[in-house]
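K.L.:
This is the structure I want to talk about, given as structure tokens.
The values are calculated or read from the model by the stated rules, or taken from the named source; none is laboratory data. Only a predicted model underlies this, so the values are computations on that prediction, with no experimental measurement involved. Please note: Cβ atoms are built from the backbone with ideal geometry, for glycine as well, and neighbour counts cover all protein chains shown. Calculation scope for accessible area: heavy atoms of the full protein, side chains included, ligands and nucleic acids excluded. Shrake-Rupley method; radii C 1.70, N 1.55, O 1.52, S 1.80 Å.
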Amino acid sequence: MKKIHFLLLVAMLGLTACNSWLDVDPKTSIPTDKLFRSESGFKDALTGVYIKLGSPTLYGADLSYGYIDELGGLYTGYPEHETSIVFDQSIVYDFDNQFKAKKNAIYAGLYNVIANVNNIIAYTETKRDVLVTPRYYETIRGEALALRAFLHFDLLRLFGPIYKEEPNAKAIPYRTTYDRVPTPVLTAQAVVDAVLKDLHEAENQLKKGDPLDFFTDPYDEDYKGKNGFLVNREFRMNLFAVKAMLARVYCYKGDAESKALALQYAREVIDANQHFKLIEAQSAANYNSIRYSEQIFGISVYQLDKILTANNMDAENKRSDMHYSTSESNFNEFFETAGAGVTDWRKLPEMFELTGGSDVRAFCRKYNQKPLKAAYGYAGADAIPIIRLPEMYYIVAECEPDAQKSADALNAVRFARGISFADEVRTEHYDEPETTPGISKPQTKRINEIMKEYRKEFFAEGKLFFFLKAHAYETWLGCGVKSMTKKQYQLPLPDDETIHGNNN
């Protein structure tokens, strides 16, 4: 793996962003006409894309457990910002100064990967005759199209407006070519339409090519003898990941027709229980912190333990000042430890460690590599989940018009996590605004209950901020400002986009 990692980075040299998302140095990069002369070139290029997704600027840190969850208010302690004064949570929304470089790096990094994906998509047509192995053309093209949609959708959710309030407001460019030609900034609705177009084409390709029987444990006897490029589909943008993305995007779009489609796709994924299903019991002996068997799509990150250490998520270090951490009071409220959460195993010591004297903090042990690597068989070491099964239940809960069916979906995850049947979410006043202290009052009980589950289930997975923004929460526990506005919710496009004509 180490050798492959090095060679692929060499193959992709010159594709780092410089004033834009594309900067090609022909002296140091392998010319694309040579790279795509063989099937191995296509495989290397696509594998290189997945490797890039695991960089600390993207899903290896900032878009999973790092900066994105700072925006969601999950942490009260930040090692890189600790000073002698109390940390001001509002600073995480300072996109023009304190976090300008980080924001710009995320933007450039995502478009850099998109540039590589666009190159693959183009060559699946111009060099289609090279892809002679059964399933390769459909799988490679389908994955690449789905990745392009996935990456643009995250860019939209970060740099676009609050969709339900301003669908026709300008958002981001949608890049479909591998070149330097400026691309106009589209409206949020136009971006959503482009995302859905790519996802549906990806779905059609993967229906023909995705080897779904290859969700295989590499320690299993069935693994031997299979095409190594077509196994471990949970680490690739497989057909079910595309369906999950369609559920995610249609839910985000939010009109009645879209919600019906979101329900359809979410239920298709839930019903595919031969590949993944909810974990219903955990103990200290068998605890799997990332719930690997629920992973629909994730990334395998080379030397993840070193990245975690460098990015304040080293679970073996006991010092609270070396971690993203959460105050004891916030932790107790997040997990409802005085009520329904008393039996919730998501707060077990295998997941969180509380440390400190008078200033008790909780830090997340979700990515602790030691027990994952020590587990029998393959338990998800070096993995960062991007899409997990519980999200599909939450999409059903959000989009289902029938209140009881919605609550049933929400309770299915809660019961699996050990919450008592006596503490089920009930449907009284389900779609009426709540007035719970500390929660944005315009939200309904339904939305608030889903939000609380996102906060517990996806702690350190980068999902909460997107949910809060989609529903335009004015404030929440851990929010750094009294009332969130467009200024805090919509990250501004980098200045370079204006300077170089891409923001027009």
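K.L.:
When the residues of region 311-326 are narrowed to those that are touching a strand residue (DSSP E or B) at 6+ places or on another chain (Cβ under 6 Å) and small (Gly, Ala, Ser), which ends up modelled with the lowest pLDDT?
P.N.:
Ser320
K.L.:
Mind listing whichever residues of region 167-189 are without any contact (Cβ under 8 Å) to a residue 40 or more places away in the chain and in a loop (DSSP other than H, G, I, E, B)?
P.N.:
First, pick out the residues of region 167-189 that are without any contact (Cβ under 8 Å) to a residue 40 or more places away in the chain: 167-171, 174, 181, 186-189.
Within region 167-189, Pro167, Asn168, Ala169, Tyr174, Val181 meet the criteria.
K.L.:
Condition check: open to solvent by 40 Å² or more (accessible area, probe 1.4 Å) and hydrophobic (A, V, I, L, M, F, W, C). Does Ala108 satisfy that? It would help to see each step written out before you state the result.
P.N.:
Values: open to solvent by 40 Å² or more (accessible area, probe 1.4 Å): no; hydrophobic (A, V, I, L, M, F, W, C): yes.
The answer is no for Ala108.
K.L.:
Another one. For residues that are assigned to a loop (DSSP other than H, G, I, E, B), farther than 20 Å from Val396 by Cα and open to solvent by 20 Å² or more (accessible area, probe 1.4 Å), scanning just region 421-455, find the one that is modelled with the highest pLDDT.
P.N.:
Going through region 421-455, the residues assigned to a loop (DSSP other than H, G, I, E, B) turn out to be 424-432, 434-443.
Pick out the ones that are also farther than 20 Å from Val396 by Cα and you get 434-442.
So of that shortlist, the ones also open to solvent by 20 Å² or more (accessible area, probe 1.4 Å) come out as 434-439, 441-442.
Numbers: Glu434: 85, Thr435: 74, Thr436: 69, Pro437: 66, Gly438: 63, Ile439: 66, Lys441: 68, Pro442: 82.
By that ranking, first place goes to Glu434.
K.L.:
Go through (1) in contact with a helix residue (DSSP H, G or I) (Cβ under 8 Å, 6 or more places away or on another chain); (2) farther than 24 Å from Ala194 by Cα; (3) not in a helix (DSSP H, G or I) and name the single condition Ile51 misses.
P.N.:
Of (1) in contact with a helix residue (DSSP H, G or I) (Cβ under 8 Å, 6 or more places away or on another chain); (2) farther than 24 Å from Ala194 by Cα; (3) not in a helix (DSSP H, G or I), only one is false for Ile51: (3).
K.L.:
So, one more: Do we have any residue at all in region 63-86 that's within 17 Å of Leu147 (Cα to Cα) and at pLDDT 95 or above?
P.N.:
So far as region 63-86 goes, yes, one or more of its residues are within 17 Å of Leu147 (Cα to Cα) and at pLDDT 95 or above.
K.L.:
Would you confirm, using the coordinates I've provided, whether Met313 is under 22 Å from Gly54 (Cβ atoms) and in contact with a helix residue (DSSP H, G or I) (Cβ under 9 Å, 6 or more places away or on another chain)?
P.N.:
Yes, satisfied.
K.L.:
Out of Ala105, Ala169, Ala101, Ala144, report the one residue that is more than 18 Å from Ser38 (Cα to Cα) and within 20 Å of the chain's Cα centre (by Cα). Write out each step before concluding.
P.N.:
Details: Ala169 fails: within 20 Å of the chain's Cα centre (by Cα); Ala101 fails: within 20 Å of the chain's Cα centre (by Cα); Ala144 fails: more than 18 Å from Ser38 (Cα to Cα).
Answer to the check: Ala105.
K.L.:
Next question, about the same structure. Inside region 87-113, can you point out the residues that are at pLDDT below 95 and polar (S, T, N, Q)?
P.N.:
Listed by number, the residues that qualify are Gln89, Ser90, Asn97, Gln98.
K.L.:
Still on this structure: Of everything in region 144-153, what is out of contact with any Asp or Glu (no Cβ under 7 Å at 6 or more places or on another chain) and either open to solvent by 10 Å² or more (accessible area, probe 1.4 Å) or farther than 15 Å from Ile387 by Cα (or both)? Give them in sequence order.
P.N.:
Selection gives Ala144, His152.
K.L.:
Kindly indicate whether any position in region 456-478 is of a type in the set (S, T, N, Q), modelled with pLDDT under 95 and not in a helix (DSSP H, G or I).
P.N.:
Applying the first criterion (of a type in the set (S, T, N, Q)) to region 456-478 yields 475.
Subset that is modelled with pLDDT under 95: 475.
From the residues that got through so far, the ones that are not in a helix (DSSP H, G or I) too are 475.
Looking through region 456-478, at least one residue is of a type in the set (S, T, N, Q), modelled with pLDDT under 95 and not in a helix (DSSP H, G or I).
K.L.:
Go through Thr183, Thr133 for me and flag whichever is of a type in the set (Ser, Thr, Tyr) and in contact with a helix residue (DSSP H, G or I) (Cβ under 7 Å, 6 or more places away or on another chain). Full working, then the answer.
P.N.:
Working: Thr183 fails: in contact with a helix residue (DSSP H, G or I) (Cβ under 7 Å, 6 or more places away or on another chain).
Unique residue meeting the criteria: Thr133.
K.L.:
For region 357-420, list the helices (runs of 4 or more DSSP H) that sit wholly inside it and hold at least 2 residues that are over 15 Å from Tyr454 (Cβ atoms) and open to solvent by 30 Å² or more (accessible area, probe 1.4 Å); which are they?
P.N.:
Values: elements: 369-374, 390-399, 403-416.
Here the list reads 369-374, 403-416.
K.L.:
Turning to a different aspect of this structure: Restricted to region 49-78, and to residues that are among the small types (Gly, Ala, Ser) and open to solvent by less than 10 Å² (accessible area, probe 1.4 Å), which residue is nearest to the chain's Cα centre (by Cα)? Spell out the reasoning first.
P.N.:
Filtering region 49-78 down to residues among the small types (Gly, Ala, Ser) leaves 54-55, 60-61, 64, 66, 72-73, 77.
Now drop any that are not open to solvent by less than 10 Å² (accessible area, probe 1.4 Å), which leaves 54, 60-61, 64, 66, 72-73, 77.
Details: Gly54: 11, Gly60: 10, Ala61: 11, Ser64: 6, Gly66: 12, Gly72: 14, Gly73: 17, Gly77: 22 Å.
Here the residue is Ser64.
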